[in-house]
Amino acid sequence: MKLAYSSNAYMNFTLEEAAERIAALGYKGLELLADVPHAWPAGLLDGRKEEIRRCLDRHGLAIANVNAFMMNAVGDPRQPYWHPSWIEPHADYRAIRREHTLRALALAAELGAPSIQTEPGGPLHEGRSWNDA
């Protein structure tokens, strides 16, 4: 069995630094954060995608997954990490999540990742508690 570690844990580091540290810990795979600062799909040019491939190769890491859960790049003031969600009451917010997920799927295919991870829930509707949800 080979274990992977998410670059999400290294948001204060470049992808190169994260990959170096993850490999030094003995992991053989990396889950790529599809967000700033590592690989925000909406802004990735082909050259950067090639840099990501070379970075992983240089550190002996396979790409295990693309983490499309986080959306710090959007900067949603309601919850800066993973909103907007799939169940937003407003269609424009749902569209942002949908487009991010489609871009992450394309990125995963281009980089050879077997899967993506996406946001599992969303905001509570007014008048509902976490226990109700």
Would you please name the residue that is nearest to residue 56 (Cα to Cα), looking only at residues in segment 85-128 that are outside any loop (DSSP other than H, G, I, E, B) and of a type in the set (D, E, K, R)? 110
Given the condition under 24 Å from residue 120 (Cβ atoms), loosely packed, with under 15 Cβ neighbours inside 10 Å, out of contact with any Asp or Glu (no Cβ under 8 Å at 6 or more places or on another chain) and in contact (Cβ under 8 Å) with a residue 24 or more places away in the chain, answer yes or no: does some residue in segment 63-82 qualify? yes
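Hey, can you tell me all the residues within segment 34-70 that are in a loop (DSSP other than H, G, I, E, B) and not hydrophobic (A, V, I, L, M, F, W, C)?
Filtering segment 34-70 down to residues in a loop (DSSP other than H, G, I, E, B) leaves 34-40, 44-45, 59-61, 68-70.
The answer is 35, 37, 38, 59, 60.
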Among the residues of segment 74-84, are any part of a helix (DSSP H, G or I), under 14 Å from the mean Cα position of the chain (by Cα) and not basic (Lys, Arg)? yes
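Inside segment 19-33, can you point out the residues that are outside any loop (DSSP other than H, G, I, E, B) and either under 13 Å from the mean Cα position of the chain (by Cα) or more than 18 Å from residue 104 (Cβ to Cβ) (or both)? Full working, then the answer.
From segment 19-33, those outside any loop (DSSP other than H, G, I, E, B) are 19-24, 29-33; that's our starting set.
Within segment 19-33, 19, 20, 21, 22, 23, 24, 30, 31, 32, 33 qualify.
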For segment 15-43, how many residues are closer than 21 Å to residue 74 by Cβ and surrounded by fewer than 19 Cβ atoms within 10 Å (Cβ to Cβ)? 4
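If I ask for residues that are crowded, with 16+ Cβ neighbours inside 10 Å and of a type in the set (D, E, K, R), which ones from segment 87-104 would you list? Spell out the reasoning first.
First, pick out the residues of segment 87-104 that are crowded, with 16+ Cβ neighbours inside 10 Å: 88, 93-94, 96-97, 100-101, 103-104.
The answer is 88, 94, 97, 103.
Throughout, read-outs are computed from the coordinates displayed, never taken from laboratory work. This structure is a prediction, so every number in the text was calculated from the model and none was measured. Counting neighbours? That spans all protein chains shown, and the Cβs are built from the backbone with ideal geometry, glycine included.
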